[in-house]
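What follows is a set of notes on a single structure, which appears directly below.
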Amino acid sequence: MKYRVHVRVMPRAGLLDPAGQAVEHALSALGFTEAANVHLGRAIEFDLEAATAGAAETRARAMCDRLLTNPVIEDYTVAVTAP
Amino acid sequence: MIRIGVISFPGSNCEGETLRAAERVGAEAVSIWHQDRDLKGADVVILPGGFSYGDYLRCGAIARFSPVMPAVRAHAEAGGGVIGICNGFQILCEAGLLPGALVRNAGLHFVSRPVDVRIERTDTIVTRAYARGAVIRIPVGHGEGRYVASAEVRAALEADQRIVFRYVQGGSLDAPGNPNGAEGDIAAICNPAGTVVGMMPHPERLADPALGSDAGLGVFQSIVTSLAGAC
């Protein structure tokens, strides 16, 4: 089966996120003062051949742990959908 | 003669200055390609500055898996000298040879200017030629140089005196302190033995008196002194 994998990578909670702060300030300057705790992350998507959705997720998590994310500074979530 | 190897990754851009600085202190400087699987007999290997693999994904994240890296890891684990400068420091952290990570500067800007760093420890492969507590002015040039680590790792680094350089407030406005918001003003760290070192500043960029200062040359002199003592 072919699956679509969606990896969402965010800076670790509590880590100073100057890019998120800069965007928050810009939003505020535009009048969107109600936006708070803005954080910038990264989305990674790819197709994956696997027997089941569970197997696809296991494989994708291995990729996250090995290369796609750095556990020192980032947290991630994985979602698997039909392509 | 002591042999210092400098690895070129795709996107490295400081290997020329690094090789010349090694030659200046009387070492034999050898260039190592990222696809080499051995270190060409180097006693000490340097991962130079630059933008390996375009800094894609994260700085150093892809270079970490270069064919040469197993040899670098084996060299480090055998007690051999491994030094990462700027992008090289980022690669060593991504490879797990040093703890922590280097993230976007707190001010978001790429910072390219001289900084003052204090020598916190002199029994490492890169600081033997300096006096403890001495302050040297050498350049930085990075967008992702803010050192971060978990509270436990930070505490262990401090307790084990594994901070090698710390940013200090300079004596003039042209070299202000901590340029990137690094925790603990950390500019360089090492492994417990002081044989694996990562630093954000670029000593190789100020290693020739013709440039008005050779404050960074001591890093290379220290490598030679360390190895001469070991032989």
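Principal axis extents for region A:2-81, Cα atoms only, whole Å, descending order, please.
49, 25, 14 Å, listed from the longest principal axis down.
Could you line up A:76, B:147 from fewest to most neighbouring Cβ atoms inside 10 Å?
Numbers: A:76 19, B:147 28.
With the sparsest Cβ surroundings first, the list reads A:76, B:147.
What's the exposure ranking of A:4, B:132, B:205, going from fewest to most Cβ atoms within 10 Å?
Ranked by crowding around the Cβ, least crowded first: B:132, A:4, B:205.
Could you line up A:46, B:89 from fewest to most neighbouring Cβ atoms inside 10 Å? Could you put the intermediate results ahead of the total?
Numbers: A:46 12, B:89 29.
If I rank by nearby Cβ atoms, fewest first, I get A:46, B:89.
Using 0.36 nm times the number of residues separating residue B:108 and residue B:65, minus their current alpha carbon distance, what extension gain do you get? Write out the running numbers ahead of the final one.
On the way: separation 43, 0.36 × 43 = 15.48 nm, distance 2.75 nm.
That works out to 12.7 nm of additional length.
Using Cα centres only, tell me the gap between region B:7-38 and region B:62-139 in whole Å.
Each part reduced to its Cα centre gives a spacing of 15 Å.
What's the percent breakdown of Cα-Cα distances in region B:112-154 across 5 Å bins, shortest bin first?
Pairs per bin, as whole percents: 5, 19, 16, 19, 24, 15, 1.
Membrane-span-like helices in chain B: DSSP H runs reaching 18 Å or more (Cα, own axis), mean Kyte hydropathy at least 0.0?
Details: long enough: B:217-230 (20 Å, 1.45).
What comes out of the filter, once short or polar helices are dropped, is B:217-230.
What do you get when you divide the Cα radius of gyration of the protein assembly as shown by 2.2 N^0.38 Å, with N the number of residues?
Details: Rg = 20.7 Å, N = 314, 2.2 N^0.38 = 19.6 Å.
Its radius of gyration relative to the 2.2 N^0.38 Å reference: 1.06.
Output needed for chain B: three equivalent-ellipsoid semi-axes, defined as square roots of 5 times the C-alpha gyration tensor eigenvalues, in descending order, whole Å. Show your work: numbers first, answer last.
Details: eigenvalues 106, 82, 62 Å².
They are 23, 20, 18 Å, listed largest first.
Against the longest principal axis of chain A, how steep is helix A:18-29, in degrees 0 to 90 to the nearest 10, with axes from Cα atoms?
50 degrees
What span do the alpha-carbon atoms of region B:64-135 cover on each of the three principal axes, reported in whole Å from largest to smallest?
Reported extents, whole Å, longest axis first: 35, 33, 17.
Read the figures in this text as sums done on the coordinates, not as results from a lab. Since the structure is predicted, the reported quantities are computational estimates derived from the model, not experimental observations. In this analysis, Cβ positions are derived from the backbone assuming ideal geometry, glycine residues included, and neighbour counts consider all displayed protein chains.
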